[in-house]
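**Student:** This is the structure, below, for whatever I ask next.
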Amino acid sequence: MDIVKILIYLYVIFFVVAGLNHFYNPTFYDSMVPAFIPYPRFVHQFTGILEIIIPLFLLTKWRKEAAIIMILFLIAIYGANLYVWVNKLPYGKTVFTNTQHLIRFFIQVGYIWFTYVIYRYDK
């Protein structure tokens with residue numbers, strides 16, 4: 001098995017676990033939903049469901065379509081991280097510094113880049 005295939009499986013596992021965490025640790029995500037959006041718990045749990053389902057499609061014949069949807073999803077959910085950064089809100093109990101938020105931004109860019117690698121993967 002080639003390294004990209006292994007990394008795709010790890011990527012999928014990472015996002016499935018992250019999506020499940022929306023249900024195991026919901027209070028962590030409550031403050032990340034902007035105040036103007038009603039039903040914050042429902043919104044972030046719905047996001048968790050998408051975070052579970054979309055990556056699973058990367059393992060199917062619809063990998064390219066799922067990768068495009070995942071890229072759009074990653075861009076959209078970064079809005080929550082930006083909201084936390086601008087409003088100086090905590091991630092759980094930790095308030096990030098600007099440097100930590102910038103690192104978090106580049107990690108998100110890395111997720112998007114690797115999703116593009118998955119999109120381009122032909123095996």
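**Student:** From the convex hull of the Cα coordinates of the stretch 3-120, what is the mean projected area in square nanometres? Walk me through the numbers on the way to the answer.
**Tutor:** On the way: hull surface 29.1 nm².
Mean projected area for the stretch 3-120: 7.3 nm², to one decimal.
**Student:** Within the stretch 20-118, which trypsin sites (Lys or Arg not before Pro) sit in a loop by DSSP and count at most 12 neighbouring Cβ atoms inside 10 Å? Each step should come with its number before you reach the end.
**Tutor:** Values: sites: ARG41, LYS61, ARG63, LYS64, LYS88, LYS93, ARG104; in loops: LYS61, LYS88, LYS93.
When the trypsin sites (Lys or Arg not before Pro) of the stretch 20-118 are filtered for loop state and at most 12 Cβ neighbours within 10 Å, LYS61, LYS88, LYS93 remain.
**Student:** What residue among GLY92, GLY19, GLY48 has the largest mean-square fluctuation in a Gaussian network model of the chain, using Cα springs under 10 Å?
**Tutor:** Most flexible of the set in this elastic network: GLY92.
**Student:** Just from its helices, what would the mean residue ellipticity at 222 nm be for the chain, if runs of 4 or more DSSP H residues each count -39500 (n - 2.57) and the sum is divided by every residue, rounded to the nearest 500 deg cm²/dmol?
**Tutor:** Numbers: 5 runs with 91 residues, N = 123.
Result for the chain: -25000 deg cm²/dmol, rounded to the nearest 500.
**Student:** Whole angstrom only: what separates the Cα centroid of the stretch 72-115 from the Cα centroid of the stretch 1-64?
**Tutor:** Centre-to-centre distance over Cα atoms comes out at 15 Å.
**Student:** Now a separate question. Quick check on the exposure proxy: order MET32, MET70 from fewest to most C-beta atoms within 10 angstrom. Before the final figure, lay out the partial values.
**Tutor:** Numbers: MET32 21, MET70 26.
Ordered by Cβ neighbours within 10 Å, fewest first: MET32, MET70.
**Student:** Can you compute the label reach from ILE107? Point 7 Å from Cα along the Cβ direction, backbone N cut-off under 20 Å, restricted to the stretch 11-41.
**Tutor:** Correct set: 11-34.
A short reminder: the numbers here are calculations on the coordinates, not readings from a lab. Note that the structure is predicted; figures quoted are calculated from it, not measured. For neighbour counting, all protein chains shown are included, and Cβ atoms are generated from backbone atoms with ideal geometry for every residue, glycine included.
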